[in-house]
Each structure stands twice: as structure tokens, then as C-alpha cells.
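Comments concern the structure below.
The values are calculated or read from the model by the stated rules, or taken from the named source; none is laboratory data. In this text, all values refer to a predicted model and were calculated from it rather than measured experimentally. Note that we place each Cβ from the backbone using ideal geometry, even for glycine, and neighbour counts take in every protein chain shown. The protein model used for the area step is the full one, side chains on, heavy atoms only, and it has no ligands, DNA or RNA in it. Shrake-Rupley method; radii C 1.70, N 1.55, O 1.52, S 1.80 Å.
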Amino acid sequence: MNDKDETSCPSASSPPPTQDTNSAFARWRRKVALVTGLGVTEEERLQDLQMHHTRHCEKTKEYLMNYSPAVVFMLKHLKLSGCDVPRSNVLCAPCDLTRAGGYSPEHGAIVLCAGHFFSQTHMEHTLVHELVHLYDHCKFKVDWNNLRHHACSEIRANNLSGDCRYTRELRRGFVAFSKQHQACVRRRAAESVAANPACPDAATAERVVNEVWDSCFNDTRPFDEVFDYSHYARVESPDTSFDTCNITIDILADGCAPRLHTIRLMGLYNIDWDN
């Protein structure tokens, strides 16, 4: 009789839905709400978009720091110069809509503007540009209040980073059939110097750029020559879509960063921004 009872009774009830299943459904429902705007506020939708931009930026940053020939080369030579760059010193953060990235000499930090890159190549050029500034600051002890120092670093960064490739200039609306690269480097360097608080006006910025042009344009260190980004086999990261969070981030003490800093990203006033 006991055997019969045991046979007629179910051995075990069906397991309840797992936490993972509930979590997956909750995530799906949340995603639908954020896409449609039903049941969520505009502030919540903006916060989700900011987080999405930051995740994509961080993922692409990690890929470039591991696989981009130009970025890896710059990181190697920074380390050889005594300024190893920890990943924590390359930050993804929201910025002014006109910016793509910037460098803070005070903190030894590079900022990549999450959500402002139209391609992986754009982020690569921006990262190399800022790494050139970091290299100059480390190796040549740049005084960023000295306009000649600043102009020289801007000339080198725009010349070596890919910022002045023909396709980039075409996207900006600048077309030239003769010395396009030089004109781009000169223009962008003067614009950056003019934004320096120590620069009185745009005319002074242009004059300083012209004064240091020959020596700085021909200085391609640590490259042997201007790097040709079109001549290496590009392998895109698995997710190259680029679909902004006033947060506090710790800059770890290493290399060029002398000690632990906690900075509020939107409060970085001493920073050299680039678009």
C-alpha cells in the first residue's frame, strides 16, 4: 500500500521559475519601457542612454588598447619613457557636445567622450591624439601655460593621430587638393591654442603656431614617420555600434599620476579638449 501511495503521488513538484528567468523578464520589460517611454520618466530614459554610451565607449576603449597598432605603440613608448598608462587613467565620460576627447595634465588622465564617436576609427584617432599629448608631457615636460609648448604638442598630436586624414576633413566640410594635411594640422593647432586661457586672442595663437611649425611638424617621435592608418589591416571589434552621468572616478596612482585623485569629471577645468 505504501508502494501504491508512493507511485500515485508525484515525486516532486515542478520547480518554480528561477531567479535568472525572472531577472531576464524584468530586464526585457524594463527595456521595452525605456524604448517606448511608457511607465518611465524622461530622466530615466536619459540615464539609461548615458549608461549605454559609456558601456560602448569602455568596450571599444579596451579593444583599442589591446589591438590598435597605433595605440599599442604609443602605450609601449609611454611605458619606456617612464609613464605607464593604467586603463583607469583613460576614462569614458559625458562631455560637451562639440568634444570627442581631452587630456588633463594635472591628473594624467585622458577623457573619451562617450556617445560622441561616429566610428571605432574616430575613437582610435582621438585616443592617439591624447596619448601624444601625454607622451609630450612625460618626455618633454611641457608647460601648458607656455603657448609655444602647447602649440608644438598640438601640431604633433594632429599630425600623428589621423585627425587630419582626408576623410575626416571632408566630414568637417574642409576640402583641399593641395597640402590638405598641413592646412588641417595648422588650423586645428591654432584653434586649440586659442582656447588656452593664457592665449589673449586667435591672432596670437596663429602666430605662435607659425613660430614653432617647422621643428614641431617634422618631429614625429615616437614614430619614425607619420603613421599611415590606411595601410594596416583593420580588424573591427565584435561590437562597433556607437549608439552622457556626472560621476566620481578614482585615478589610480601609477606612472604619470603621482598619487590617488578623486575627480568629478564635469569639474575638470584644466583640460585640453579636442573635437
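So who's got an amide H within less than 5 Å of the one on Ala109, skipping anything under 5 residues away but keeping other chains? H placed 1.01 Å off N, in plane.
For Ala109, the qualifying residues are Ser104.
What does the highest-first list of 205-217, 176-188 look like by mean Cβ count within 10 Å?
By packing density, highest mean first, the sequence is 205-217, 176-188.
Any idea how far the Cα center of the range 60-109 sits from the one of the range 183-207, in Å?
24
Relative contact order (percent) for the range 131-218, with alpha-carbon contacts under 8 angstrom and 6 or more residues of separation?
Relative contact order comes out at 37 percent.
Using a 7 Å offset from the Cα along the Cα-to-Cβ direction at both Asn145 and Gln47, what is the distance between the two label points in nm, to one decimal?
The answer from the label model is 4.1 nm.
Provide the per residue accessible area, probe 1.4 Å, for the range 30-119, rounded to a whole number of square angstrom.
Normalised by residue count, the accessible surface of the range 30-119 is 47 Å².
Return the FRET efficiency for the residue pair Arg221, Ala195: r is the Cβ-Cβ distance, R0 is 22 Å, and the value is rounded to the nearest 0.05.
Efficiency for this residue pair is about 0.35.
Work out from phi, with θ = phi - 60° and the Karplus expression 6.51 cos²θ - 1.76 cosθ + 1.60, the ³J(HN,Hα) of each residue of the range 155-169, listed in order in whole Hz, and give x for Gly and Pro.
Once rounded to whole Hz, the list reads 4, 5, 5, 6, 6, 9, 8, x, 4, 10, 4, 4, 5, 5, 5.
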